[in-house]
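Down below is the structure, laid out as structure tokens.
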Amino acid sequence: MNTRRNVIEAVHCMSDEAWKRHANPWSVWTRFAAVPALELAVWSRAWIGWWCLAGVAAVIVWLLLNVRVFRPVEPTGWAAKGVYGERLHVSGSVPSEHGRVLRLLVAAGLIGFALIAWGLSVLDAWPVALGTVTLVLAQLWRIDRYGLLFEQHQRERSDA
């Protein structure tokens with residue numbers, strides 16, 4: 001196992017079992033649901049002040065638990081293949097044609113995140129909405145690209 005993978009997996013406490021659980025479609029889709037939940041928690045500071053941090057903490061705890069609470073799955077569906085492809089990316093096994101697209105999608109996601117952060121800081125709905133759409137579309141496309149990466153990896157292994 002290479003050093004990059006060791007560091008990333010250690011920081012996120014991702015074991016083989018955690019990756020298989022994270023590949024469960026319930027894990028993938030409920031992580032998407034955390035985006036508007038976190039936005040609502042932050043926005044709620046306008047109504048409940050510092051108590052909004054309880055909602056923020058609840059979402060963060062959910063995101064930490066999320067990769068461990070669902071049953072492990074094999075890479076048979078779209079979401080699972082995407083997560084298994086993400087694991088290949090973490091290990092550094094990404095051909096250049098995937099790497100360029102993945103970097104662009106990460107950049108798009110960061111732009112979406114910046115719009116969300118700006119909108120939440122000034123409590124303006126349009127940058128939050130635009131940022132959310134940008135972030136979610138970039139993440140969906142990234143999962144799809146990871147799935148293609150995983151399928152390509154499987155084909156190359158079976159041809160060898």
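If we scan the range 30-52, do we find a residue that is surrounded by fewer than 18 Cβ atoms within 10 Å (Cβ to Cβ), more than 21 Å from I143 (Cα to Cα), at pLDDT 95 or above and among the polar types (S, T, N, Q)? Yes, some residue in the range 30-52 is surrounded by fewer than 18 Cβ atoms within 10 Å (Cβ to Cβ), more than 21 Å from I143 (Cα to Cα), at pLDDT 95 or above and among the polar types (S, T, N, Q).
Mind checking whether some residue in the range 79-92 is at pLDDT below 95, among the aliphatic types (A, V, I, L, M), touching a Lys or Arg at 6+ places or on another chain (Cβ under 6 Å) and surrounded by 15 or more Cβ atoms within 10 Å (Cβ to Cβ)? Taking every residue of the range 79-92 in turn, at least one turns out to be at pLDDT below 95, among the aliphatic types (A, V, I, L, M), touching a Lys or Arg at 6+ places or on another chain (Cβ under 6 Å) and surrounded by 15 or more Cβ atoms within 10 Å (Cβ to Cβ). The sole residue among G49, G55 that is in a helix (DSSP H, G or I), closer than 23 Å to A37 by Cα and in contact with a helix residue (DSSP H, G or I) (Cβ under 8 Å, 6 or more places away or on another chain) is G55.
Between H98, H89, the distinction of being more than 19 Å from D16 (Cβ to Cβ), in contact (Cβ under 8 Å) with a residue 24 or more places away in the chain and not hydrophobic (A, V, I, L, M, F, W, C) belongs to H98 only. Counting the residues of the range 59-74 that are among the aliphatic types (A, V, I, L, M), farther than 15 Å from F32 by Cα and not in a loop (DSSP other than H, G, I, E, B) gives 1. In the range 112-160, of all residues being part of a loop (DSSP other than H, G, I, E, B) and at negative phi, the one that is modelled with the highest pLDDT corresponds to D124. Whether any residue in the range 42-50 is without any contact (Cβ under 8 Å) to a residue 12 or more places away in the chain, under 30 Å from R155 (Cα atoms) and basic (K, R) is what I want to check. No - not one qualifying residue is present in the range 42-50. Scanning the range 84-100 for residues that are assigned to a helix (DSSP H, G or I), touching a helix residue (DSSP H, G or I) at 6+ places or on another chain (Cβ under 9 Å) and farther than 23 Å from P25 by Cα yields a single hit, G99. Within the range 118-135, track down each residue that is under 15 Å from A108 (Cα atoms) and free of Cβ contacts under 8 Å to residues at least 40 places away in the same chain. Across the range 118-135, the qualifying residues are P127, A129, L130, G131, V133, T134. Would you confirm whether any residue within the range 124-139 is surrounded by 18 or more Cβ atoms within 10 Å (Cβ to Cβ) and touching a Lys or Arg at 6+ places or on another chain (Cβ under 8 Å)? No, the conditions are met nowhere in the range 124-139.
The values are calculated or read from the model by the stated rules, or taken from the named source; none is laboratory data. Note that the coordinates shown come from a computational prediction; the quantities given were computed from them, not determined experimentally. Reconstructed Cβ throughout: ideal geometry from the backbone, glycine too, with neighbour counts over all protein chains shown.
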